[in-house]
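Single-structure report; data block below.
The values are calculated or read from the model by the stated rules, or taken from the named source; none is laboratory data. What you see is a predicted model, and the numbers here were worked out from it, not measured in a lab. So basically every Cβ, Gly included, is an ideal-geometry build from the backbone, and we count neighbours across all protein chains shown. Heavy atoms of the whole protein, side chains included, go into the accessibility calculation; ligands, DNA and RNA do not. Shrake-Rupley method; radii C 1.70, N 1.55, O 1.52, S 1.80 Å.
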Amino acid sequence: MAGFEFSAGVNADNVFLVNFLDLQGRLDPAFHNEMPDITNFSKLSNIAYVKGGKRIPQGKSYVSSETPYLYLRVTDFNQDGIIDYDGVNFIDNDVFEELSRYEIHIGQLAISIAGTIGRILLIEDIPHGKKIILTENCAKIILKNTEIDPKYFFMVMNLSIVQKQIRLNYIQTTIPNLGLDRINNLYLPKFPPLATQQQRVLFYQTQFNQKQQKEQQAQALLDSIDGYLLNELGITLPKQDNRLEKRMFTVPFSEVVGIRTDPDYSLKYALLFSQKGYYNFTKLKDLLIGTPQYGANEEGKERITDDDVRYIRITDIDELGILKNNNWKTAQTIDKQYLLNQDDILFARSGSVGRCYIHKETEQPAIFAGYLIRFKVNKERLNPDFLFYYCNSMFYKLWVSAIERPAVQSNINAEEFKALPIALPPIEKQTEIATHITQIRAQAKQLQAEAAKLLATAKADIERIILGS
């Protein structure tokens, strides 16, 4: 655009120019301003076909019994493109026949196009005797050229320069979606000879396998915690006997009033206390200081700086009771009565009911939300860390599943949490157990960090190799 000049008074720093031929049907400035440099790239449509998936027909559904036919959803594969086949739903022969044109095969890719956008899956293997139908929330990508290795294509589709194009191309609605035409118009770096592709795949796969090994080691450590804790307490959870005669029980009428008699509650309670372990059970209410407190009832808002008071919600706490550090919110108003102190214990009373969190990050002020309940323990009798780890054990989780009241959203109130039975060793033994588990968790966290670093380095290395920079 040599020779073009802006008129007087126009701030050239706030304006950019695009050739008419480069508009690609997009007139929104953000798209062109943020589009990465794709010089010498070629369109995906030159090397592959893109076809949509399909939803299950109206009036039809999954089946509970195993069949040869699987229905693959976005939630069935993770960000690494690994499928959890144990969680994939079955469909019957009639539904498969109706949807057979949407079957996905080995060597084909799937890309998520609704809700979660841009997750990539390569179908490398399919369980013996099974066939897979692809959800309408994905599209399948079928290579035209046998000189392109599907594994290398998978790597290319995960490059940050390609993923950025995907982010720029999806439509922002209540449920974001990515059109098939926009997948076709993605620009990809040129593909080298097949032998070079395979060398690069081998390099990346070696790094990825090392990452997987470290994650497996970390998971093995975390899995060992429950056995260690229950062993130290002398608790062995017997297997539940599901024979009909063991699922029936009688209750005298005199005992019905004022107590729960639902079968699930009664059977699980009997299972929990079928043996006592090394230590007597003490109810949580006898180990507390003060009264449990429900959190603040207000909506979180976007934080402006990292110095804002943090607003801790159930969704900010992961399954291990660890606080997530991304996308956290602040509160509309800061009521000091909800400020958290070190070693405060929070229980989720609904939603992820029973989830437990211990507050340690006192460097930054934080308050807690309404679906959480705060408990303060008497540290002379109960080590807060011991309680936290106890409330991540299988014993506790079985107690939660027994005590929670079934509803649209399961819930447990403060009085019910106060009745939590705790196998209570002397305080010195509690500290010993808590210290050991803290060390195991730290080891696992270190391995997870090493795994994440390995993957990030591998991705950066392969991107530099592919892009030639």
Working note, the range 312-469: Cα radius of gyration (Å, one decimal) and Dmax (Å, whole number) are 19.0, 63
Nearest-0.05 FRET efficiency for Arg101 and Glu428 at R0 = 51 Å, using Cβ-Cβ distance, is 0.15
Counting sequence-distant residues (5 or more places) and residues on other chains, those with an amide H built under 5 Å from that of Phe368 are Ala296, Ile312
In whole Hz, the Karplus estimates of ³J(HN,Hα) for the range 165-170 (6.51, -1.76, 1.60; θ = phi - 60°; x where Gly or Pro) are 4, 4, 4, 6, 8, 7
The simple spin-label model distance between Lys130 and Gln199, using points 7 Å out along Cα→Cβ, in nm, is 3.6 nm
Taking Cα atoms only, Rg over Rh for the range 400-441 with Rh from the Kirkwood formula is 1.17
Residues whose modelled amide H sits under 5 Å from the amide H of Thr282, counting only those 5 or more places away in sequence or on another chain, are Ile422, Ala423, Leu424
Computed ³J(HN,Hα) along the range 381-398: with the Karplus parameters 6.51/-1.76/1.60, θ = phi - 60°, integer Hz and x for glycine or proline, the list is 10, 9, 6, x, 5, 4, 4, 4, 5, 4, 8, 10, 8, 5, 4, 5, 5, 5
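Subtract the Cα-Cα distance of Val63 and Thr146 from 0.36 nm times their separation in residues, and report this length gain in nm to one decimal. Let's see the in-between values first.
Values: separation 83, 0.36 × 83 = 29.88 nm, distance 3.69 nm.
Going from the current span to full extension adds 26.2 nm.
Kirkwood Rh over Cα pairs of the range 324-417 into Stokes-Einstein at 20 °C, 1.002 mPa s: D in µm²/s? If you can, show how the numbers build up before the last one.
Working: Rh = 14.5 Å.
Reported coefficient: 148 µm²/s.
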Excluding ligands, DNA and RNA, the carbon-plus-sulfur percentage of the accessible area of the range 34-187 with a 1.4 Å probe reads 44 percent
Filtering trypsin sites (Lys or Arg not before Pro) in the range 129-166 by DSSP loop and by at most 13 other Cβ atoms within 10 Å leaves Lys144
Once both label points are put 7 Å beyond Cα along the C-beta direction, the Glu299-His436 separation in nm becomes 4.9 nm
Phi-derived 3J(HN,Hα) across the range 200-209 with the Karplus relation (6.51, -1.76, 1.60, θ = phi - 60°), rounded Hz, x for Gly and Pro, is 5, 4, 4, 4, 5, 5, 4, 5, 5, 5
If R0 = 35 Å, then Asn177 and Lys360, at their Cβ-Cβ distance, give a FRET efficiency to the nearest 0.05 of 0.30
